[in-house]
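Worksheet for the structure shown next.
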Ligand code: NCD
Ligand code: ZN
């Protein structure tokens, strides 16, 4: 018997769409989502309200006609961000949030924050205006082991930052550890966490066992199996503080397949099919909608979508393209390593 699942239209609370030819190629693959928080780590980064408005227009132009996607823009927090520009862009409906990258933590983060004292006035203005801070939670101290950087960030940076600005609304982006789950759970109503599709699927063995697999390398790097299980438990719990942020992060194969390849998994094309399988495997299909379509909107104080999408479980899995083309480049689509039976019906 064919099984179907109807959900309110999912939102993606952490998405990289890039710019130029890459934007043209990847935007259609996220067009079926409702709201998407668009990451500002372009080169150069999106740092002012005016730049965010211009980027939003480029995204809209790259979407196919009738696309549901409503880009929710973010500003890239730097040591010299102007609090008035942030609050003004938020009040004008140009931005939804501000993104904090510790300088050097990940792809295109060289302009990130080097001194948290310098951004205190911005964080205070955000707390007062109700602007959410999306946090890339990894320390950059080279003395800290890469697998410990999220847990250490929580103790060294996130907890002091939240204590210093108690009214600030914070999303811990792409948590990858049981420490991240526990910290998010212990916070009040001002704290939430996104979880990616790929961190529900892979642990660190996927990157290294049997050979180096660059397409499974992302930041924060996947951790050991116990952490993946903690993430699956959190995502499928139905708890309002956990919601989907795919962190779909396309890079050309020419940049990933290098002696020093860059970080990011491109999951936009098959994210919903993978998530439905994960939730089915956890016997939690009835909680998929909370994770993809309800919890994030509620945290961002937006109404849940009134649109519906339908997923159908086929007996024989449909095949998905393993690559897409962006200009003259090829981008590899994330391979979950298991067949995908769930398929989104065209609207
Ligand atoms: C992201 C990218 O490529 O922009 N990469 C990644 O591995 N997730 C940056 C980020 O979100 O850390
Ligand atoms: Zn990201």
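Within the stretch 118-138, can one find any residue that is buried (at least 21 other Cβ atoms within 10 Å of the Cβ), within 15 Å of residue 223 (Cβ to Cβ), touching a residue at least 12 places away in the same chain (Cβ under 8 Å) and touching a strand residue (DSSP E or B) at 6+ places or on another chain (Cβ under 9 Å)? Scanning the stretch 118-138, I find at least one residue that is buried (at least 21 other Cβ atoms within 10 Å of the Cβ), within 15 Å of residue 223 (Cβ to Cβ), touching a residue at least 12 places away in the same chain (Cβ under 8 Å) and touching a strand residue (DSSP E or B) at 6+ places or on another chain (Cβ under 9 Å), so the answer is yes. Applying the criterion of at least 3 residues that are over 22 Å from the mean Cα position of the chain (by Cα) to the strands (runs of 3 or more DSSP E) found wholly in the stretch 257-347 leaves 308-313. The residue that is farthest from the chain's Cα centre (by Cα), counting only those in the stretch 130-158 that are outside any loop (DSSP other than H, G, I, E, B), away from ligand 1 (no atom under 16 Å from the Cβ) and farther than 20 Å from residue 117 by Cα, is 148.
Here 50, 68, 84 are screened, and the one residue that is more than 30 Å from residue 142 (Cβ to Cβ), outside any helix (DSSP H, G or I) and away from ligand 1 (no atom under 16 Å from the Cβ) is 68. Within the span defined as the stretch 159-166, every residue fails to be surrounded by 14 or more Cβ atoms within 10 Å (Cβ to Cβ), under 18 Å from residue 200 (Cβ atoms) and either touching a residue at least 24 places away in the same chain (Cβ under 8 Å) or in contact with a helix residue (DSSP H, G or I) (Cβ under 7 Å, 6 or more places away or on another chain) (or both). Residues in the stretch 1-33 that are closer than 24 Å to residue 301 by Cα and either away from ligand 1 (no atom under 16 Å from the Cβ) or part of a helix (DSSP H, G or I) (or both): 6, 7, 8, 9, 10, 11, 30, 31, 32, 33.
The requirement of being in a strand (DSSP E or B), within 14 Å of ligand 1 (Cβ to nearest atom), under 16 Å from the mean Cα position of the chain (by Cα) and within 18 Å of residue 36 (Cβ to Cβ) is satisfied by residue 194.
This table checks each residue for (1) farther than 29 Å from residue 252 by Cα; (2) crowded, with 24+ Cβ neighbours inside 10 Å; (3) touching a helix residue (DSSP H, G or I) at 6+ places or on another chain (Cβ under 6 Å).
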| residue | (1), (2), (3) |
| --- | --- |
| 35 | no, no, no |
| 45 | no, no, no |
| 54 | no, no, no |
| 76 | no, yes, no |
| 79 | yes, no, no |
| 106 | no, no, no |
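I'd like the residue in the stretch 207-228 that is part of a helix (DSSP H, G or I) and touching a residue at least 24 places away in the same chain (Cβ under 8 Å) and, out of all such residues, is nearest to residue 260 (Cα to Cα). Among those residues, the one meeting the criterion is 214.
Laboratory data are not the source of any read-out in this text; all were calculated from the coordinates shown. The structure presented is a predicted model; accordingly, all values stated were derived computationally and were not measured. Heads up, the Cβs are rebuilt from the backbone with ideal geometry, glycines too, and the neighbour counts pull from every protein chain shown.
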